[in-house]
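The values are calculated or read from the model by the stated rules, or taken from the named source; none is laboratory data. Note that the structure is predicted; figures quoted are calculated from it, not measured. No Cβ is skipped: glycine too gets one built from the backbone with ideal geometry, and neighbour counts run over all protein chains shown.
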Amino acid sequence: MSEWVELIWIVQLVSTWYMTGLIWFVQLVHYPLMNRVSPPNYVAFQQAHMNRTVWAVGPMMLLEAITATLLLFTRPEIFSMNFALIGFGLVLVLWISSAVFQVPCHFKLEKGFDPVPHRRLVRTNWIRTVAWSLRSALLAGVLGGAW
């Protein structure tokens, strides 16, 4: 494997596993606790959450998407085209879910706590939790020689 492809592979691995750990924390701890913030503090909390989350999530999601795309074209011999297509497809699921479900819920919650978008946020975030978990399992399968 060339050094360039190896770097793409390592960035893919690190960014996906980082996001998998982060999304499980968000799903099990952070999002469910949002309803515990006192109403007078909620808008400031939600705005701070969104401002800080961009820095924790944005660069890694972007790196993951870029490397998943590059792996379609510079596939190392250690995995198949099916691996690249499934991995890329899961990245699409993540980005579409974020745009269609999670981001709109956050924008609604930025106006004040509302149990309806909060429940929808927690429920629909399982899409991303499962998709990142599948991506991590897929990458672990490559390391184990399954692809």
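With respect to the numbered conditions (1) buried (at least 18 other Cβ atoms within 10 Å of the Cβ); (2) of a type in the set (A, V, I, L, M, F, W, C); (3) assigned to a helix (DSSP H, G or I), which one is the sole condition not fulfilled by VAL93?
All conditions are met except number (1).
Would you confirm whether any residue within region 56-70 is in a helix (DSSP H, G or I), over 17 Å from SER136 (Cα atoms) and touching a helix residue (DSSP H, G or I) at 6+ places or on another chain (Cβ under 6 Å)?
yes
Could you run through region 49-88 and say how many residues are closer than 19 Å to PRO115 by Cα and hydrophobic (A, V, I, L, M, F, W, C)?
1
Could you tell me which numbered condition PRO76 fails, if it satisfies all but one of (1) farther than 21 Å from GLN12 by Cβ; (2) touching an Asp or Glu at 6+ places or on another chain (Cβ under 8 Å)?
(1)
From the set of residues in region 101-147 that are modelled with pLDDT of 95 or more and not in a helix (DSSP H, G or I), which is farthest from ALA48 (Cα to Cα)?
Result: ASP114.
Give me a count of the residues in region 1-23 that are within 23 Å of ASN125 (Cβ to Cβ), loosely packed, with under 14 Cβ neighbours inside 10 Å and either touching a residue at least 60 places away in the same chain (Cβ under 8 Å) or of a type in the set (Phe, Trp, Tyr) (or both).
The qualifying residues number 0.
Is at least one residue of region 29-44 within 23 Å of GLY141 (Cβ to Cβ), touching a helix residue (DSSP H, G or I) at 6+ places or on another chain (Cβ under 9 Å) and either crowded, with 18+ Cβ neighbours inside 10 Å or without any contact (Cβ under 8 Å) to a residue 24 or more places away in the chain (or both)?
Looking through region 29-44, none of the residues is within 23 Å of GLY141 (Cβ to Cβ), touching a helix residue (DSSP H, G or I) at 6+ places or on another chain (Cβ under 9 Å) and either crowded, with 18+ Cβ neighbours inside 10 Å or without any contact (Cβ under 8 Å) to a residue 24 or more places away in the chain (or both).
Can you tell me which residues in region 76-85 are over 16 Å from THR16 (Cβ atoms) and free of Cβ contacts under 8 Å to residues at least 40 places away in the same chain?
MET81
Which one of these is farther than 13 Å from GLN27 by Cβ and surrounded by 15 or more Cβ atoms within 10 Å (Cβ to Cβ): ARG75, ARG128, ARG119?
ARG75
Checking the structure you have, find out if any residue of region 77-87 is over 18 Å from LEU134 (Cα atoms), under 18 Å from the mean Cα position of the chain (by Cα) and either of a type in the set (Gly, Ala, Ser) or assigned to a helix (DSSP H, G or I) (or both).
Within region 77-87, not a single residue is over 18 Å from LEU134 (Cα atoms), under 18 Å from the mean Cα position of the chain (by Cα) and either of a type in the set (Gly, Ala, Ser) or assigned to a helix (DSSP H, G or I) (or both).
Within region 1-46, track down each residue that is outside any helix (DSSP H, G or I) and closer than 26 Å to TRP132 by Cα.
The first filter runs over region 1-46 and keeps only residues outside any helix (DSSP H, G or I), leaving 1-2, 37-38.
Within region 1-46, MET1 is the sole residue that qualifies.
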